[in-house]
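The values are calculated or read from the model by the stated rules, or taken from the named source; none is laboratory data. From a predicted model like this one, the values you see are computed outputs, not experimental measurements. Using ideal geometry, Cβ is built from the backbone for each residue, glycine included, and neighbour counts are taken over all protein chains shown. When the accessible area is computed, the model is the full protein with side chains, heavy atoms only, and any ligands, DNA or RNA have been set aside. Shrake-Rupley method; radii C 1.70, N 1.55, O 1.52, S 1.80 Å.
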Amino acid sequence: DIVNCSWGNGNDNHILRETIEASGMLIVAAVGNNSRSLDETPIYPASYDLDNVISVAAVDSEGELGYFSNYGAAVDIGAWGVEIVSTIPGGGYGEMTGTSVSAGFASGIVALALSNNAGTTVQQEEVERLSSFLALAGGSVSRAAMMTTAAEELEPISESDAAESWEHFNDSKTV
């Protein structure tokens, strides 16, 4: 099971930590939007150093750390989280920015990758493999795309099918 935690706070709650650790679930946690180092100002559950927690920062379309995203040694991966088109309350589409968007993206990709190996349990080796989508080190982000690793597990679609899907999306949105 995968839990998307598009939330966090500075309270290092031992009950939350123990519950996550014993859960057997993979926790994908947003790191926060304060442009701060988690080394100095931890955000939980993203800052828990647990085998089943993947901490997600936001990156832009160029693979650069989002100007607002928290960062630091606790960050495992970066996922798209800057000006992402999504559904919005009241209907239609709009742009959203934040590590909550990134955590949602990462949760979906992790679920997709694990679905190709249905019945497997989430082990540390799998977390490390999934966490290698994008490497964050010292505030710099690899330009590799998060989708690349996950896409290796999927059947590719043709360029014409992709173009048709994109046209349908553009025709249906009401920004």
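Values for this structure:
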{"read-out": "Count of residues meeting criterion [modelled with pLDDT under 95 and of a type outside the set (Asp, Glu)] in segment 35-62", "value": "14"}
{"read-out": "Of residues in segment 64-94 being in contact (Cβ under 8 Å) with a residue 24 or more places away in the chain and of a type in the set (Asp, Glu), the one surrounded by the most Cβ atoms within 10 Å (Cβ to Cβ)", "value": "Asp76"}
{"read-out": "Val3 being open to solvent by 20 Å² or more (accessible area, probe 1.4 Å), under 20 Å from Ala106 (Cβ atoms) and in contact (Cβ under 8 Å) with a residue 24 or more places away in the chain", "value": "yes"}
